[in-house]
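Note sheet for the following structure.
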Amino acid sequence: SHLEPVQGPLTGKHILITAGPTHEPIDPVRYIANRSSGKQGFAIAAAAARAGATVTLIAGPVTLPTPPGVTRVDVETARQMDAAVDAALPADVAIMVAAVADWRSADEAQQKIKKDGSGKIPPLHLVENPDILATLAKSDRRPPLVIGFAAETNDVLAHATAKLARKGADWIVANDVATHLMGGEVNALHIVSASGVESLPEMTKDAAATALVKRISDAIA
Ligand code: CTP
Ligand code: CA
């Protein structure tokens, strides 16, 4: 369907968003992945489009509908997500919500690995995936506002503050996945930046997306 262009505080801005997990194949039927529903990233894409932005949503394997007015690029692996981010530049804002698998199999099998009946366990050798956020934040095509996400089980603010520096991001949006189980409908976000921490109350992922997009509009206005 053709939608009327939305006028809003982000009209004329290109916002690049990654969302969902990545799948790293071990063989044609098995993969390594992080837990991620994609709901928060898709909600942010929808909120940014409602605010008038041109939105590119680079999505790992999820079963969610594309929000209205959003350009979606589907990928499977971290390396594909990295290439899709690069291809979508330039952008005014990057929001990396994806739960990227940190490692992939060093030697992806082209045929299904079979149990041979002996009980012997096949070895799984891992190599590190590219860090999409850190690469982008340090590149010469860095968007003016780079935002990372961090799902933590403990010491949420300490880990988020450390990631802010390590990744070179402007903001890290952290959430405690010990209290807010992944895949649920609500979130309590902490926005960590050089100017401190803003903790939002628990709200639906749609409301959290709207709140975050409001802060982005204020920051780049
Ligand atoms: N990220 C990324 N590419 C990766 C890993 C992470 O772009 N290979 C991004 C995520 O999308 C997120 C941020 O980096 O925005 C933080 O991800 P997280 O997994 O919390 O950070 P890690 O440095 O991988 O640390 P951890 O050991 O906690 O997994
Ligand atoms: Ca990680």
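The values are calculated or read from the model by the stated rules, or taken from the named source; none is laboratory data. In this text the structure is predicted, and so the values were computed from the model without any measurement. Because the Cβ atoms are built from the backbone with ideal geometry, glycine has one as well, and the counts that use them run over all protein chains shown. Only protein heavy atoms, including side chains, enter the accessible area calculation; ligands, DNA and RNA are left aside. Shrake-Rupley method; radii C 1.70, N 1.55, O 1.52, S 1.80 Å.
Quick notes on this one:
- Sites ALA162 and GLN80, calculated FRET efficiency, Cβ-Cβ separation with R0 41 Å, nearest 0.05: 0.90
- Spread over its residues, the convex hull of the C-alpha atoms of the chain is 144 Å³ per residue.
- Surface exposure of the chain, expressed per residue as accessible area with a 1.4 Å probe, stands at 52 Å².
- Separation between Cα centres of the stretch 168-221 and the stretch 52-118, rounded to whole Å: 22
- Of every Cα-Cα pair in the stretch 108-221, the percent that sits beyond 25 Å: 39
- With all protein chains in place and a 1.4 Å probe, the accessible surface of the chain carries 54 percent carbon and sulfur.
- Cross-link pairs exceeding 31 Å in C-alpha to C-alpha distance, out of LYS112/LYS163; LYS163/LYS205; LYS13/LYS163; LYS13/LYS39, comprise LYS112/LYS163.
- Taken about its Cα centre, the stretch 97-153 carries a charge dipole of roughly 200 debye when the Cβ of each Lys and Arg holds +1 and the Cβ of each Asp and Glu holds -1.
- Anisotropy class of the stretch 120-186 from Cα gyration tensor, a/c 1.5 cut: oblate
- MET182 - accessible surface, heavy atoms, 1.4 Å probe, Å² rounded to 10: 90
- Peptides 209-220, 110-121 ranked from most to least packed by the mean count of surrounding Cβ atoms within 10 Å: 209-220, 110-121.
- ³J(HN,Hα), Karplus 6.51/-1.76/1.60, whole Hz, each residue of the stretch 126-139, x for Gly, Pro: 10, 10, 6, 7, x, 8, 5, 5, 5, 4, 5, 5, 9, 7
- For the chain, the antiparallel share of DSSP beta bridges with both residues in that region comes to about 40%.
- Spin-label zone in the stretch 122-156 - amide nitrogen under 20 Å from a point set 7 Å from the Cα of ASP27 along the C-beta vector: 122-127
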